[in-house]
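For reference, the structure is listed below as structure tokens.
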Amino acid sequence: MIDFTALTAALHLLTSSWQPWMVVIPGILIGLLVHAVPGLTTSMALAICLPLIPYMDFLQALIFMTAMYAGSVFGVAIPAILLNVPGSAAAVGTTFDGFPMARAGKHNEALGLALAASCFGQLVVYLLLLGLAGPIGAFALKLGPPEMLVLSIWGLTLIGTLRGRHISRGLLAGAFGLLLGTVGLSARGVPRGTFGLDLLLDGIPVVPAIVGLFAAAELFNLVGKEYIVEDLTQRRVQASRILAGMRQAFEYPGVLFRGAILGSGIGIIPGGHAIANLLSYSSARRAAKDPEKFGTGDPRGIVAAESANASSEGGSMATLLALGIPTGGATAVMLVAFSMHNITGGPSFMRDHADMVYAVILSSLAQVAVLAVVGFAFIFVAGFVVKVRLRMLVPTVLSLAVIGSFALAHNIAGPITLAVFAVIGWIMQRFDYPVSATVVGLLLGRRTEGDLLRTYQMSGGHFNFMFTRPIALLMLFLLAASMLFPYLKSGRARSAANKKVMAH
Amino acid sequence: MRRRNFLIGGAAALASSLVQPAHAQKWPRRPLTIVVPFDVGGSADRLARGFAQYMPKFLGQPISVVDRAGASGLIGTNWLLQQPADGYTVMLTPAMPFIPVNILVSNAHYKLDDFTFVNAQWTDYTVLIVPKDRPWRTAAQLIDAIRANPGKISTGADFGSVGHIETLALLASLGLKPNAVRMVTFDGAGAMRTALAGGQVDFNIGQAEGADIIKDYVRPLAVFLDHRVPGSDAPPINDVLKPYHASVPLLDGSVRTFVFPTAFKAKHPDDYTKFVSAYRDTLNLPEFKKFLHDNQMGGDWVGEERTTQMIRANFETLKKYKDLLK
Amino acid sequence: MINVAGRKIAVDMPHFIFATGVAGWVAWFCWDAWHASSSIENLILIVPVSAVAIILYFFVAASCFQRIAESAELPASPRHPLAPGVGVKIAGSMALLIALVVAGPLVGFDVACFFYMLAMLAFLGERRIPVLLLVPPLFCVVVIYCFNTLLSTPLPLFFGERG
């Protein structure tokens, strides 16, 4: 399945001169910076970089874009861990265990874990792509609204596990989030819940709402404290501990691999990359013998979320290359940049310019190694955030978040959403409602409704439509099986224990 | 940088206004802003940035591009109307279909008369396409299949778009009820194209530029024009419909044009003329022509009158079919 | 927390109010959507989920009420009491954030952020004069003006020509 002539041509192209490779480090740094600082957005990176691209030669542009991409994939995890502010929706899963670890003084390990998992995830997916880019693309096309609906349902089951101590509150929080996600103009042009405001026609801006719910609510809680990490002895940045964290990721090979494979698959589905981290998190939690540890600072949580996040971005890249269709913000950026140099993607492109496709994949593979090093240096510096007094950090982060939400929503709806949800988030936490359940609902609301609607429309109202969608049925079966599995396991353990008792 | 310009410009304006009466100065006295009511990186945005690069030499002032996306152009259009109508703010947008759609579907507070449409520079047309793996090779075959199997064949529609309206118009003209096909509505043209490429729906009527992106996966069966398109086998739709004693109105697809609030032309007709001539000069500039060509953007000169006629005619047709959208 | 209605019933009033608020929004939203269009296609997700939410609300609301025996003491609040002074700090931070967001479009985000930083620093206990004098303007100048060059949609600013 690997076209060796094209592969060697690509290798030849990439190694033809070393000068274009000088853009690797700036590229990765820009990618990291833009996504690690709350308030900066991908479109800002675009604003910096797009004007430069036409002036670079093809190889440079290619390396630069893939470097930026690699950096941005990992960058979002950094504020998620240190500040409970996910750099994007894709880092939400990382906050669940990342921030508790940071608060416990294990920020070095947490960052190391995330970096290692991210690099591994990217490695796996790009290796897969080397052999399977074409078939992956063809497979991706077969996934339509019914399959995406099952994916969303899978994501929603996470709400059940995030419930905290009170089931009804958790489910209510999730339902609330789900409904909030549907505010705005529907796919049929009907405005719901907009109070007649134009600003709400596009719905509630999701990332500002999430940042408000997570970050601001947490940060409000911290106003009584001096530092993120209370213990002075823990409040240090130590390279050795970062390295330890990186090594630790490999102590959970099952979680690592499952996350990477899962993420690769989900990333192929348009829009899947945003929720891959959540799905991986919920799978890891379900498969674990001690699921209650997740959410308290369990390294497996970070590993699961980050490896899937990283590999899902690679999956998006696969769809971009194989189909020529971008599936989200970052790949849209890449497409614009690529098209300036006549890389358009698509099956005819894959046929006629396989060497360029391989060049993109190989370049991305090389970036993984560089990311490990540059990322390490970056998180070393970023780690010093824990040394900043909270009374300076909190207003700084919140102001940046306010500006960033303006940038994301393109208007004042962003900052207003942030403030409103900051208050709601704090109140919810106070009354023991799991904010993360609302976040999951919010993230999935729009797509779940859209895919449910479209599945209904495609079926013409007939239930037996689902029988014409074998992939969706298979996914449903797998989902049901994975949900029942823990009960079967404990059931068998119980009956085995019973047998033991009876035998005596 | 701009702040310094602002201060220097302000000081200069002040100084020169002491020397000459203000109205004797030529417009533009300060930089212009092109507002694009869509996201950075989109087609309108990239076209605007092209103008920002090449048009200043004819205007004598720099141009900056500002994006104000939201609600299918509604947010940016509202913003344009809130700015003073002095010619320093101009909008570049696919006025058709978005301004009529804003008015008819999103209850925008403006009317067509509030705008001056300068020139339909880059127009797209509508085309009927099917995924390659579907059996129909002509539009007539598809139409017969729909009539023979009411409620079975599915179509993807970007809600409220020209393609959607044309789909409804086509069904109506054939005497078919809207539910003769399964209408699957998408949130945006990109998602719909992906679904179409994957064969998730049976046919689609949509923008030709969009169809071009997925040309490897689809087959055009008819074009919504009164002539054939060079290099394509697809016949004009009304030719196909003749044997069925039906016809559909031919709506223009994406029509990109500069848009001013009407008050600008009314209050400052000379300044408006100046803008138009600088605009035309830019269109004739060889470097700009190359820019347009490289980016596959149109550079037609149609003129304000014809452009306004186009948009009004399209608006009236859309109004007729608006209720079918419910 | 105390409410007598024939028998002694402890009511967790704050929680009850919050839960009712959420349920109230859900009910309104469902009604608004139905009012905009009562087709299946519009309501396919909203109605079932709203129904589930309302049912859940009844469970939650029920948990706010606890019958206690005549002689028993009132149960303590299920929430940890806030440390003294923290409640004020939290409320103040929220108020300042809301003020920032409201003031931003009115006076420009540069001015609003400046005052926000200053107010937050002082409110949270910063007393070192150099910090109070230097950090807010530094933040405003560096961050806001840098951001504004990068943003394609300009921030409303006091010292700026766009927005």
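The table for this structure:
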read-out	value
Residue within segment A:144-162 that is modelled with pLDDT under 75, outside any helix (DSSP H, G or I) and β-branched (Val, Ile, Thr) present	no
Single residue of segment A:161-170 satisfying the filter (in contact with a Phe, Trp or Tyr (Cβ under 9 Å, 6 or more places away or on another chain), in contact (Cβ under 8 Å) with a residue 24 or more places away in the chain and not hydroxyl-bearing (Ser, Thr, Tyr)) that is surrounded by the fewest Cβ atoms within 10 Å (Cβ to Cβ)	A:Gly164
Matching residues in segment A:249-276 - criterion: being part of a loop (DSSP other than H, G, I, E, B) and hydrophobic (A, V, I, L, M, F, W, C)	A:Phe250, A:Ile269, A:Ile275
Flag if B:Asp294 is assigned by TED's automatic domain parsing to the domain that holds B:Asp45 and either of a type in the set (Val, Ile, Thr) or in contact (Cβ under 8 Å) with a residue 24 or more places away in the chain (or both)	no
Check on A:Ala372, more than 11 Å from chain C (Cβ to nearest Cβ), within 30 Å of A:Gly27 (Cα to Cα), assigned to a helix (DSSP H, G or I) and modelled with pLDDT of 85 or more	yes
A:Phe465 being away from every other protein chain (no Cβ under 13 Å) and in a helix (DSSP H, G or I)	no
Test result for C:Val49, without any contact (Cβ under 8 Å) to a residue 12 or more places away in the chain, hydrophobic (A, V, I, L, M, F, W, C), within 7 Å of chain A (Cβ to nearest Cβ) and out of contact with any Phe, Trp or Tyr (no Cβ under 7 Å at 6 or more places or on another chain)	yes
Residues being touching a residue at least 12 places away in the same chain (Cβ under 8 Å) and more than 20 Å from A:Ala89 (Cα to Cα) - total across segment A:171-192	6
Qualifying residue in segment B:260-277 (condition: within 16 Å of the chain's Cα centre (by Cα) and at pLDDT 90 or above)	yes
Where a residue in segment A:48-68 is more than 14 Å from chain C (Cβ to nearest Cβ) and its partner, wherever it lies, is assigned to a loop (DSSP other than H, G, I, E, B), with Cβ under 7 Å and at least six apart	A:Phe58/A:His341; A:Ala61/A:His341; A:Phe64/A:Met56
Qualifying residues in segment A:379-399 (those that are at the interface with another protein chain (Cβ under 7 Å from one of its Cβ atoms) and either closer than 18 Å to A:Gly75 by Cα or not aliphatic (A, V, I, L, M) (or both)) - the one surrounded by the most Cβ atoms within 10 Å (Cβ to Cβ)	A:Pro395
Single match in C:Pro84, C:Pro156 (criterion: at pLDDT below 80 and more than 9 Å from every other protein chain (Cβ to nearest Cβ))	C:Pro84
Long-range neighbours under 7 Å by Cβ, at least six apart or interchain, first residue within 7 Å of chain C (Cβ to nearest Cβ) within segment A:416-442, second not in a helix (DSSP H, G or I)	A:Arg430/C:Arg79
Any chance A:Ser186 is among the polar types (S, T, N, Q) and closer than 30 Å to A:Leu452 by Cα	yes
Candidate set: segment B:106-134, residues that are crowded, with 20+ Cβ neighbours inside 10 Å and aliphatic (A, V, I, L, M); chosen: the one modelled with the lowest pLDDT	B:Ala108
Sole residue being assigned to a helix (DSSP H, G or I), hydrophobic (A, V, I, L, M, F, W, C) and modelled with pLDDT of 85 or more, chosen from A:Phe349, A:Phe378	A:Phe378
Scan of segment B:118-135 for residues that are under 15 Å from the mean Cα position of the chain (by Cα) and either under 22 Å from B:Gly163 (Cα atoms) or among the hydroxyl-bearing types (Ser, Thr, Tyr) (or both), ordered by number	B:Ala120, B:Gln121, B:Trp122, B:Thr123, B:Asp124, B:Tyr125, B:Thr126
Condition met for B:Leu176 (assigned to a loop (DSSP other than H, G, I, E, B), under 19 Å from B:Tyr321 (Cβ atoms) and more than 10 Å from every other protein chain (Cβ to nearest Cβ))	yes
Any hit, segment A:234-248, residues being assigned to a loop (DSSP other than H, G, I, E, B) and within 14 Å of another protein chain (Cβ to nearest Cβ)	no
Residue check, B:Tyr321 part of a helix (DSSP H, G or I), within 30 Å of B:Gln61 (Cβ to Cβ), among the hydroxyl-bearing types (Ser, Thr, Tyr) and out of contact with any Asp or Glu (no Cβ under 6 Å at 6 or more places or on another chain)	no
The listed residue being modelled with pLDDT under 85, part of a loop (DSSP other than H, G, I, E, B) and under 30 Å from A:Asp432 (Cβ atoms), out of A:Gly224, A:Gly203, A:Gly189	A:Gly224
Helices (runs of 4 or more DSSP H) fully within segment B:22-97 counting 2 or more residues that are over 18 Å from B:Gly298 (Cβ atoms) and away from chain A (no Cβ under 14 Å)	B:56-59
Elements of type helices (runs of 4 or more DSSP H) contained in segment C:26-116, each with 3 or more residues being assigned by TED's automatic domain parsing to the domain that holds C:Pro136	C:86-107
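Yes or no, residue by residue, for (1) touching a His at 6+ places or on another chain (Cβ under 7 Å); (2) of a type in the set (Lys, Arg); (3) more than 16 Å from A:Ser307 (Cβ to Cβ); (4) surrounded by fewer than 24 Cβ atoms within 10 Å (Cβ to Cβ):
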position: A:Ser72; (1), (2), (3), (4): yes, no, yes, no
position: A:Gly134; (1), (2), (3), (4): no, no, yes, yes
position: A:Ala140; (1), (2), (3), (4): no, no, yes, no
position: A:Ile159; (1), (2), (3), (4): no, no, yes, no
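Residue by residue, here is whether (1) outside any helix (DSSP H, G or I); (2) at pLDDT below 85 holds:
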| site | (1), (2) |
| --- | --- |
| A:Met1 | yes, yes |
| A:His12 | no, yes |
| A:Ser17 | yes, yes |
| A:Ile28 | no, no |
| A:Ile48 | no, yes |
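The values are calculated or read from the model by the stated rules, or taken from the named source; none is laboratory data. In this text the structure is predicted, and so the values were computed from the model without any measurement. Every residue, glycine as well, gets a Cβ built from its backbone with ideal geometry; the counts of neighbours run over all protein chains shown.
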